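Peer 1: There's a structure below that I have some questions on.
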Amino acid sequence: MIVDILIKCAELFLSAATQYWGKKASGILFVCAEDNTMLLLKRSRSVEQPGTWGIAGGAVGEGFHANVHGEKDPPNKVFLESAQREAEEELGSLPWTDKLVNTTMFTDGSFTYKTYVFNITLKEKLHWTPSIKLNWENDEAKWFTADSMPGNLHFGLKYSLNQLSKEQPIEPAVVEEIPDIQEPLEDL
């Protein structure tokens, strides 16, 4: 009887450990090809996977987080708008850029996470970085080169970086993978 209770508790713990915040989510990885850096955020104690370095992002808005397995994902535009909203919420503002250079998609059962990779110019980076004001979800924002990455990366970022490493190096050119995205990120 006690063994059954312990097994049930372990099952509940393991199922909770593999759940995500919502069923559909997205985020933005900002890169600067001119100096070969990417912006990472150190997650606060108030969020899942605290103390790891990741990107700004979160659950796709109302109406999509309750999707059941097998239901189609919302359009790319919905994922991108959610990523923009989450990034602005977490960073206080966004750089002006419409240079979408790549995307990655992570799926686990009915959960989908899309990472949008945007290239910003060095001039944009130098102008925008001092204006970043983190909310409660992150404790630190820092630009890293590929050879100076911290060891404690968020599992989602590890996945995206692994996927991106299989592709060509990030170039300042726009990738036209997502034809229904027509609006650039909002200007400062």
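Any read-out appearing in this document is the output of simple, stated calculations on the displayed coordinates, not a laboratory observation. As the structure is a prediction and not an experimental result, all values here were calculated from the model. Ideal geometry is used to build each Cβ from the backbone, glycine not excepted, and the neighbour counts take in all protein chains shown.
Peer 1: Step by step: find N for the range 21-165, compute 2.2 N^0.38 Å, then divide the Cα radius of gyration by it. What's the final number?
Peer 2: That works out to 1.00 for the range 21-165.
Peer 1: Return the distance in nm (one decimal) between the two label points of a simple spin-label model at LEU161 and LYS77, each offset 7 Å from Cα along Cα→Cβ.
Peer 2: Output for this residue pair reads 3.4 nm.
Peer 1: Let me ask you something else. In which sequence would GLU86, GLU81 go, from the one with the fewest C-beta neighbours within 10 Å to the one with the most?
Peer 2: Listing GLU86, GLU81 from fewest to most nearby Cβ atoms yields GLU81, GLU86.
Peer 1: Now a separate question. Quick one: order PHE111, PHE30, PHE155, PHE118 by neighbouring beta-carbon count within 10 Å, fewest to most.
Peer 2: Sorted ascending by nearby Cβ count, the order is PHE155, PHE111, PHE118, PHE30.
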